[in-house]
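Trainee: Encoded as C-alpha cells, here's the structure I'll be asking about.
The values are calculated or read from the model by the stated rules, or taken from the named source; none is laboratory data. Keep in mind it's a predicted model, so treat the numbers as computed, not measured. Here the Cβ positions follow ideal geometry from the backbone for every residue, glycine too, while neighbour counts run over all protein chains shown. Quick note on the areas: whole protein, heavy atoms, side chains included, nothing else; ligands and nucleic acids left out. Shrake-Rupley method; radii C 1.70, N 1.55, O 1.52, S 1.80 Å.
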Amino acid sequence: MCGIIGYTGKNSALAPLIDGLRKLEYRGYDSAGIALPVEIGQPLYIEKRAGKLKNLEDVLINTPNSTSGIGHTRWATHGGPTDTNAHPHLDNEGKLAVIHNGIIENYVQLRAELEKRGHKFKSETDTESVVHLLSDARKEHNGDLAASMRSVCKQIKGSFTLLAMHSDAPAHIVGARRNSPLVVGIGKGENFLASDVAAFISHTKIALELGQDEVVEITPSSVVVTDLSGQIVNAKQYEISWDASAAERGGFSHFMLKEIYEQPKAIADTLIGRADGLNLNIKFKKFEKIVIIACGTAYNAGLVGKYAIEKWGQIPVDVELASEYRYREPSLNKKTLVIAISQSGETMDTLMALRYAKSKGATILSVCNTNGSTIGRESDSTLYTHAGPEIAVASTKAFATQLIAMYLIGLEIGKKLGHLNKNQVISINEQLTQLPAKVEQVLETVEPLRELTRKFKDAQSILFLGRHVGYPTALEGALKLKELAYMHAEGFAGGELKHGPIALIDKGTPVVAIMPTQDSVLAEKMASNIQEVRARGAVVIAISEFDFAGADHLIRIPNVDLLLQPILSVVPLQVLAYEMAVARGNDVDQPRNLAKSVTVE
Ligand code: AGP
C-alpha cells in the first residue's frame, strides 16, 4: 500500500518524481520522501517528511539538479508515520538508498544480525534492514547493485517491491518484486519504475510487466530484467489502454464524485463486445461448486454475484472473505471454480487465497480492473472490467463493473450449461444494455440526498436494510459510509432485524431501506420491516423503483429486474456517503487510515 517511483533519463528527475508521487498518493499518505544522486560517489540528497506529499514539497527548496532519483509515499506498517520512518532509507554512508512497498516478515532476525555486524539503524521500519543487507551484498559483488539485489531477495521473506540506487552509479536504478506490484515505463531516453502506471502515463504509455521474484535494472537507455539466478527474462511489453486525462479529476471536486458519474460509461465499456460470450478458456461443465473470494467492496459484489450465478447458472456458489478463506482449510478440488474479484489485482488477502485454491487444484477465474496485475497474471483466465483508473480510495465505478462481470459470468454459465434459453439470454442482454441509461437517470435524482445529508450528518449511526440482492447492497452502503464519513453504519438483511438488531432503533435513528422491485413478494416484507422500525422512532429513507408511501423520505430509481437492481440502488448510497464526507470535512479521496490497494495481509 505504498507508492513507489524511480526515474532515470535526460531531464531533471524532480518533476517526474513529484508528479508520480502525486498520482500514487492514493496508495498511502502517511509520509513521503525522495533521494537524488548529486555527485558520483558522494552521499545522496534526501528529503522525507511525515504526512501528505505537500509537507515534502514545502521543503523541496533549492533542490540540487539530478537526472535520476527515487520517490516514495507511505502507508505505515512497521513504525509510525514519522520523518525518520519515512522512506527512502539510507546505508550508514548515505550513498545507498532503498524504498519499499510490502512487509519483510523476517526483518527482526535480519536486523539483529546486521546490528551484530555493526550497522547502525535509525528507524523502526522493516525496510531499513534491506538497505543494510544491500550495503553488505555490494561488497561481496564488487558494487554490482543488481547482483546484490538478487542476493538480498533470496534472504528476505514476505512481500516486497524494492527500488535501490547508489551514488557510485547515479543513472542506474534497480528494482525487484515479490507479491507487490512493480511496472516499468519505457520512455524515449528515459525510463521509469513505479507501483502503478498512473505514475508515469503522462510520460509514456509503453509498459513492461514484471513477474514474481524478478529484478529489473534501468538506465536512461536500457532496461534489463533477470530472475534471481541472474538469467535474462524476456518481460512482456504492452501499451497502456487509458490516457493520462482519465487519471485527472476533470473538473469534479473529488475523484470519487467523478467516478460516481463515470459509472454509466464504465458499465457500457465493460459490456462492449460481450453480448455473444466471454471467450474465457474455462470449461464450466466440469465444476460442481463455485467459490468467490474477495475483500471489502469486491466481496459485496461477490455476494450479488452469488444470486445471479445460482439463478442463471444453477451451480452452488459460496462467497468467502479472502482473508479468512485459506485459514479454515476449506474443501476444494479440481471440480471447484474459484472466482477472485479484485479491482487492483494486487490485494494480498485475495492473492494468497487464490494461491491456496490453486494449490488444491481449483481453476481460477479472476475479475480485475487493472491490466498486468498479479492476480490477473496468476489466474487461469481473467475477465477484465473496463472501469478505467479508479483513483478514489472508496470504490464506486469498479463496484458497478464488478457487478456487471458477475452478471456476465452468470449468463455465460447459464448459456453453456443450457439453463437459459435463447430468449432468456436475449432478454437479459437487453436489460444489461439499458443499465447505463438507467444509472444516468438515478444520477439526475440524487439532489434530495444533499438535503438529507444536512439532516443526518451528526447522527451517531445509520442502519441499512435490504433483502435478496438488496442485502449486499445494504452492506456496501454501510461500508461506504464507514470509510468516508467515519460514521458507524451497519447493513442488515431486513428479515434479520427482529432477531436482535432492532434493539438498536431509537427515536430519530436514520435507516436506509432498499426496497425490492414491486412485483417481488419481498416488497411487502420490506414494507413491514420499515413499519417495525418507524414504530420505534426510526426515520426511514427508502430507495425504491415505485412510489412507496411508507417511508419518511423516498429516493426513486428506475424499474429493473430484481437481480440487476444493485447497479441502480447503490448509486444513492454512494452519493449519501460522499455528501456526508464532504459535510463532515473529511478527505473524500484519501480517507484516514485507508489505502487504495491493500498489498499486505
Ligand atoms: C472499498 O471502497 C475499499 N476501497 C476496499 O474495501 C476495496 O474494495 C478492497 O480493499 C478490495 O480491493 P480490490 O478490489 O482492489 O481487491
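Trainee: Here are some conditions: (1) open to solvent by 10 Å² or more (accessible area, probe 1.4 Å); (2) of a type in the set (Ser, Thr, Tyr); (3) within 16 Å of the ligand (Cβ to nearest atom). Thr363 meets all but one. Which one does it not meet?
Mentor: Single failed check for Thr363: (3).
Trainee: Restricting to segment 90-100, and then to whatever is in a strand (DSSP E or B) and touching a His at 6+ places or on another chain (Cβ under 8 Å), can you tell me which residue is nearest to Gly143 (Cα to Cα)?
Mentor: Keep residues of segment 90-100 that are in a strand (DSSP E or B), which gives 90, 96-100.
Still in the list and also touching a His at 6+ places or on another chain (Cβ under 8 Å): 96-100.
Numbers: Leu96: 11, Ala97: 14, Val98: 15, Ile99: 19, His100: 21 Å.
Residue satisfying both the conditions and the ranking: Leu96.
Trainee: Hey, another quick one. Please determine, by comparing only the residues of segment 343-360 that are farther than 13 Å from Glu320 by Cα and of a type in the set (Gly, Ala, Ser), which one is nearest to the ligand (Cβ to nearest atom).
Mentor: Ser344
Trainee: Kindly indicate the residue of segment 161-185 that is at pLDDT 95 or above and outside any strand (DSSP E or B) and also least open to solvent (accessible area, probe 1.4 Å) among those meeting that condition.
Mentor: Ser167
Trainee: Can we say Gln434 is over 23 Å from the mean Cα position of the chain (by Cα), part of a helix (DSSP H, G or I) and within 14 Å of Thr270 (Cα to Cα)?
Mentor: Working: over 23 Å from the mean Cα position of the chain (by Cα): yes; part of a helix (DSSP H, G or I): yes; within 14 Å of Thr270 (Cα to Cα): yes.
So Gln434 fits the description; yes.
Trainee: Restricting to segment 373-412, give me the number of residues that are of a type in the set (Asp, Glu) and within 13 Å of the ligand (Cβ to nearest atom). It would help to see each step written out before you state the result.
Mentor: Keep residues of segment 373-412 that are of a type in the set (Asp, Glu), which gives 378, 380, 390, 412.
Applying the additional criterion that residues be within 13 Å of the ligand (Cβ to nearest atom) yields 390.
Residues in segment 373-412 being of a type in the set (Asp, Glu) and within 13 Å of the ligand (Cβ to nearest atom): 1 in total.
Trainee: Considering each of Ile404, Ile375 in turn, give the residue that is among the aliphatic types (A, V, I, L, M), within 12 Å of the chain's Cα centre (by Cα) and in a helix (DSSP H, G or I). Give the steps one after another, and end with the answer.
Mentor: Numbers: Ile404 fails: within 12 Å of the chain's Cα centre (by Cα).
Result: Ile375 is the single residue among Ile404, Ile375 that is among the aliphatic types (A, V, I, L, M), within 12 Å of the chain's Cα centre (by Cα) and in a helix (DSSP H, G or I).
Trainee: Still on this structure, please answer the following. If you take the residues of segment 311-333 that are part of a helix (DSSP H, G or I), away from the ligand (no atom under 16 Å from the Cβ) and free of Cβ contacts under 8 Å to residues at least 60 places away in the same chain, which of them is most open to solvent (accessible area, probe 1.4 Å)?
Mentor: Here the residue is Tyr327.
Trainee: Moving on. Being open to solvent by less than 30 Å² (accessible area, probe 1.4 Å), within 17 Å of Leu96 (Cα to Cα) and not charged (D, E, K, R): is that true of Leu56 here? Quick ask: steps written out before the conclusion?
Mentor: Values: open to solvent by less than 30 Å² (accessible area, probe 1.4 Å): yes; within 17 Å of Leu96 (Cα to Cα): no; not charged (D, E, K, R): yes.
Taking the combined requirement at face value, the residue does not satisfy it.
Trainee: So in segment 22-78, with the set limited to residues that are outside any strand (DSSP E or B) and among the β-branched types (Val, Ile, Thr), which one is nearest to Thr599 (Cα to Cα)?
Mentor: Of all residues in segment 22-78, those outside any strand (DSSP E or B) come to 22-30, 37-44, 51-67, 75-78.
Within this subset, residues satisfying the condition of being among the β-branched types (Val, Ile, Thr) are 38, 40, 59, 61, 63, 67, 77.
Working: Val38: 33, Ile40: 35, Val59: 29, Ile61: 33, Thr63: 32, Thr67: 30, Thr77: 11 Å.
Filtering first and then ranking leaves Thr77.
Trainee: Which one of the conditions (1) at pLDDT 95 or above; (2) farther than 18 Å from Pro566 by Cα; (3) surrounded by fewer than 17 Cβ atoms within 10 Å (Cβ to Cβ); (4) out of contact with any Ser or Thr (no Cβ under 7 Å at 6 or more places or on another chain) does Gln431 fail to meet, given that it meets all the rest?
Mentor: All conditions are met except number (2).
Trainee: So, in segment 518-538, exactly how many residues are closer than 20 Å to Ser569 by Cα and open to solvent by less than 90 Å² (accessible area, probe 1.4 Å)? Break it down into steps so the answer makes sense when it comes.
Mentor: Within segment 518-538, the first condition is being closer than 20 Å to Ser569 by Cα, and the residues that meet it are 518-530.
Filter once more, keeping what is open to solvent by less than 90 Å² (accessible area, probe 1.4 Å): 520, 522-523, 526-530.
Of the residues in segment 518-538, 8 are closer than 20 Å to Ser569 by Cα and open to solvent by less than 90 Å² (accessible area, probe 1.4 Å).
Trainee: Just the residues that are assigned to a loop (DSSP other than H, G, I, E, B) and not hydrophobic (A, V, I, L, M, F, W, C), please, taken from segment 150-160. Show your work before the answer.
Mentor: Taking segment 150-160 as the starting set, the residues that turn out to be assigned to a loop (DSSP other than H, G, I, E, B) are 154-157.
The answer is Lys154, Gln155, Lys157.
Trainee: May I pose another question? Scan Glu444, Glu451, Glu524 and give me the residue that is within 20 Å of Glu259 (Cα to Cα) and out of contact with any strand residue (DSSP E or B) (no Cβ under 6 Å at 6 or more places or on another chain).
Mentor: Details: Glu451 fails: within 20 Å of Glu259 (Cα to Cα); Glu524 fails: within 20 Å of Glu259 (Cα to Cα).
Result: Glu444 is the single residue among Glu444, Glu451, Glu524 that is within 20 Å of Glu259 (Cα to Cα) and out of contact with any strand residue (DSSP E or B) (no Cβ under 6 Å at 6 or more places or on another chain).
Trainee: What is the one condition in (1) closer than 19 Å to Gly296 by Cβ; (2) part of a helix (DSSP H, G or I); (3) not hydroxyl-bearing (Ser, Thr, Tyr) that Ala392 does not satisfy?
Mentor: It is condition (2) that Ala392 fails.
Trainee: Going by what's in this entry, would Leu90 be described as more than 16 Å from Asn593 (Cα to Cα), open to solvent by 10 Å² or more (accessible area, probe 1.4 Å), modelled with pLDDT of 95 or more and not polar (S, T, N, Q)? Please lay out each step first, then the result.
Mentor: On the way: more than 16 Å from Asn593 (Cα to Cα): yes; open to solvent by 10 Å² or more (accessible area, probe 1.4 Å): yes; modelled with pLDDT of 95 or more: yes; not polar (S, T, N, Q): yes.
The answer is yes for Leu90.
Trainee: Restricting the search to segment 580-598, which residues are within 16 Å of the ligand (Cβ to nearest atom) and assigned to a helix (DSSP H, G or I)? Quick ask: steps written out before the conclusion?
Mentor: So in segment 580-598, the residues within 16 Å of the ligand (Cβ to nearest atom) come out as 580-581, 586-598.
Those that are within 16 Å of the ligand (Cβ to nearest atom) and assigned to a helix (DSSP H, G or I): Met580, Ala581.
Trainee: Another one. Mind checking which residues of segment 337-356 are crowded, with 24+ Cβ neighbours inside 10 Å and outside any loop (DSSP other than H, G, I, E, B)?
Mentor: Within segment 337-356, Leu337, Val338, Ile339, Ala340, Ile341, Ser342, Thr350, Leu351, Ala353, Leu354 qualify.
Trainee: Could you list, in sequence order, the residues of segment 94-129 that are without any contact (Cβ under 8 Å) to a residue 60 or more places away in the chain and among the basic types (Lys, Arg)? First the steps, then the outcome.
Mentor: So in segment 94-129, the residues without any contact (Cβ under 8 Å) to a residue 60 or more places away in the chain come out as 94, 104-129.
Scanning segment 94-129 gives Arg111, Lys116, Arg117, Lys120, Lys122.
Trainee: Hey, another quick one. Could you list, in sequence order, the residues of segment 28-49 that are within 23 Å of the chain's Cα centre (by Cα) and open to solvent by 10 Å² or more (accessible area, probe 1.4 Å)?
Mentor: Residues satisfying the conditions are Tyr29, Asp30.
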